[in-house]
Amino acid sequence: MSRVEAQALDAALVDRALKRVKEQLRELPDHGIGYGLLRQLNPATREQLREAPTPQIGFNYLGRQGGSSGARLPGADWQPLPQGGGPRSQDPGMPVHHVLDINAYTQDLPGGPELVARVDWPAELLEQQDVQRLADGWLRALRSIAQHAQAPDAGGYTPSDLPLVSLNQTQLDRLQSKWGGRK
């Protein structure tokens, strides 16, 4: 994918989005690890979840890798291959799990850590220029989040940070605005 130098998203928009995602993730039991078990293996919940929509985008974060690309890391059981592609023995007629698959990892480089992402999709389902536009938007959002995180006033409380009081995000933001303190 190409490197896009796009204008950052509005900081207030990024702040609100991060807080909403933070709250949504905190609501998931066990960080969502049991969803597949509930959907596939639990007879009591399988029928309820069978009609739920399946994700069209698969995202797999493979962790953080030290060293330079291509060099076998000592003691490493495995390492990502940036240009590795899909399995060579895979039948091209086999159904895909997602319309779009993103596999990403962080690589430690001399200039600092860098996110490396590989995007795969069936050419019969998506046009390359559509995937490119989506990837460019994703990069723009990631850069905006990274830029926002470096700001001294980034962050702030959300309702799950304060379980002993019943406040929603709007009320917390008003208190923050009126009384200051950590954002």
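Starting from region 98-119, keep only residues that are free of Cβ contacts under 8 Å to residues at least 12 places away in the same chain, then list their pairs with residues that are surrounded by 15 or more Cβ atoms within 10 Å (Cβ to Cβ) whose Cβ atoms are within a distance under 8 Å, requiring at least 6 positions of separation or different chains.
GLU114/THR106; GLU114/GLN107
For region 88-143, how many residues meet the condition of being part of a helix (DSSP H, G or I) and hydrophobic (A, V, I, L, M, F, W, C)?
7
Which count do you get for residues in region 128-143 that are at pLDDT below 95 and among the charged types (D, E, K, R)?
Of the residues in that region, 3 qualify.
Just checking, how many residues over region 149-176 are among the hydroxyl-bearing types (Ser, Thr, Tyr) and within 23 Å of the chain's Cα centre (by Cα)?
Of the residues in that region, 3 qualify.
Kindly indicate the residue of region 1-53 that is among the small types (Gly, Ala, Ser), part of a helix (DSSP H, G or I) and at pLDDT below 90 and also surrounded by the fewest Cβ atoms within 10 Å (Cβ to Cβ) among those meeting that condition.
Per the criteria, the residue is ALA44.
Could you list, in sequence order, the residues of region 157-183 that are of a type in the set (Gly, Ala, Ser), assigned to a loop (DSSP other than H, G, I, E, B) and modelled with pLDDT of 85 or more?
Once the filter is applied, which keeps residues that are of a type in the set (Gly, Ala, Ser), assigned to a loop (DSSP other than H, G, I, E, B) and modelled with pLDDT of 85 or more, region 157-183 yields only SER166.
The values are calculated or read from the model by the stated rules, or taken from the named source; none is laboratory data. Keep in mind the model is a prediction, meaning the values are calculated, not measured. No Cβ is skipped: glycine too gets one built from the backbone with ideal geometry, and neighbour counts run over all protein chains shown.
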